[in-house]
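Report on the following structure.
The values are calculated or read from the model by the stated rules, or taken from the named source; none is laboratory data. Keep in mind that what you see is a predicted model, and the values were worked out from it rather than measured. Cβ atoms come from the backbone with ideal geometry, glycine included; neighbour counts cover every protein chain shown. Ligands, DNA and RNA are excluded from the accessible area calculation, which covers all protein heavy atoms including side chains. Shrake-Rupley method; radii C 1.70, N 1.55, O 1.52, S 1.80 Å.
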Amino acid sequence: MTEKAYFKSQAGVLEICANENGVCEINFVKNFIKTQARDENLKLCLRELDEYFKGKLKKFTTKIDIKASKFAKSVYNELLNIPYGQTATYAQVAKAIKKDKAFRAVGNANAKNKIPIIVPCHRVVSLNGLGGYSGGNGLETKLFLLNLERKYCES
């Protein structure tokens, strides 16, 4: 059974979906719906998101349930290794998962990431710029998240 909760962030309203295995989706949505989370992991996720946006949390401990292809899971697991406030290129991620030429496929996997922020696809950039971002307001949201992390890395 899936439970949903909503979180108001500076990057927009987030709809968090969780099942018995962990958070399985975070969606940028238009409307905030007041909910009372019952699931302990979902409550943890809400607390951690609050701490993240305040610059007090650098690494999430919320359990996640990644539903994706084997390749995409390998990409997402590698994204979890990119330190807070830092970036990696699509090519660096491809090389790290031993698929050196698959940088476009890494980009496609990033675009399909169902658990943004916790699985930090915003930290992946192209060789000559930001690359893309499919959550929230696109590149504006990606830039906001990168700047948020940089701000708190420096303080």
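Just the number, please: percent antiparallel of the DSSP beta bridges in the chain, rounded to the nearest 5.
Restricted to the chain, the bridges split so that about 85 percent are antiparallel.
Where only protein heavy atoms count, and the probe is 1.4 Å, what is the accessible area per residue for the chain in Å²? It would help to have the intermediate numbers written out before the result.
Numbers: 8630 Å² over 155 residues.
Computed with neighbouring chains in place, this is 56 Å² per residue.
Under the rule of -39500 (n - 2.57) per DSSP H run of 4 or more residues, summed and divided by the residues of the chain, what mean residue ellipticity at 222 nm is obtained, to the nearest 500 deg cm²/dmol?
-11000 deg cm²/dmol
From Cα pairs below 8 angstrom and at least 6 apart in sequence, can you work out the relative contact order of the chain, rounded to a whole percent?
RCO, the chain: 21 percent.
I want to verify a result. In a Gaussian network model of the chain, Cα cutoff 10 Å, which of these has the top mean-square fluctuation: K30, K43, K114?
Sorting by GNM fluctuation, first place goes to K30.
With Cβ to Cβ distances under 14 Å as the rule, what net charge do the other residues near K43 carry (K, R +1; D, E -1)?
-2
From the phi angles alone, apply the Karplus equation (6.51, -1.76, 1.60; θ = phi - 60°) to segment 68-85 and give each ³J(HN,Hα) in whole Hz, x where the residue is Gly or Pro.
Per residue, the Karplus-derived 3J(HN,Hα) values read 6, 5, 4, 4, 4, 4, 5, 5, 4, 5, 5, 4, 5, 8, 6, x, 3, x Hz.
Among [x] 1.15; [y] 0.95; [z] 1.11, which is the computed Rg/Rh (Cα atoms, Kirkwood Rh)?
[y]
Using 31 Å as the Cα-Cα cut-off, could you pick out the over-long pairs in K73/K151; K30/K101; K54/K101; K54/K98?
Where the Cα-Cα span goes over 31 Å, the pairs concerned are K30/K101; K54/K101; K54/K98.
Can you list the HN-Hα couplings for segment 144-151, worked out from phi with the Karplus curve (6.51, -1.76, 1.60; θ = phi - 60°), rounded to whole Hz and with x for Gly and Pro?
4, 5, 5, 5, 4, 5, 5, 4
Once neighbouring chains are kept in place and the probe is 1.4 Å, which whole percent of the accessible area of the chain is contributed by carbon and sulfur?
Reported share for carbon and sulfur atoms: 51 percent.
If one takes the longest principal axis of the Cα atoms in the chain, at what angle in degrees, from 0 to 90 and to the nearest 10, does the Cα axis of helix 40-53 lie?
It works out to around 60 degrees.
In a shell of Cβ-Cβ distance under 13 Å around Y90, excluding Y90 itself, what net charge do Lys and Arg (+1) and Asp and Glu (-1) give?
+3
With +1 on the Cβ of every Lys and Arg and -1 on the Cβ of every Asp and Glu, and nothing else charged, how large is the dipole of the chain about its Cα centre, in debye rounded to the nearest 20? The partial results should precede the final answer.
Values: 26 positive and 15 negative charges, 67 e Å.
Here the size comes out at about 320 debye.
With θ set to phi - 60°, apply the Karplus curve 6.51 cos²θ - 1.76 cosθ + 1.60 along segment 131-138 and write out the HN-Hα couplings as whole Hz, x wherever there is a Gly or Pro.
Working through the residues one at a time gives x, x, 7, 9, x, x, 9, x Hz.
Using r as the Cβ-Cβ distance of M1 and N137, and R0 as 25 Å, what FRET efficiency do you calculate, to the nearest 0.05? Don't skip to the answer; put the middle values down first.
Details: r = 31 Å, r/R0 = 1.26.
The value I calculate is 0.20.
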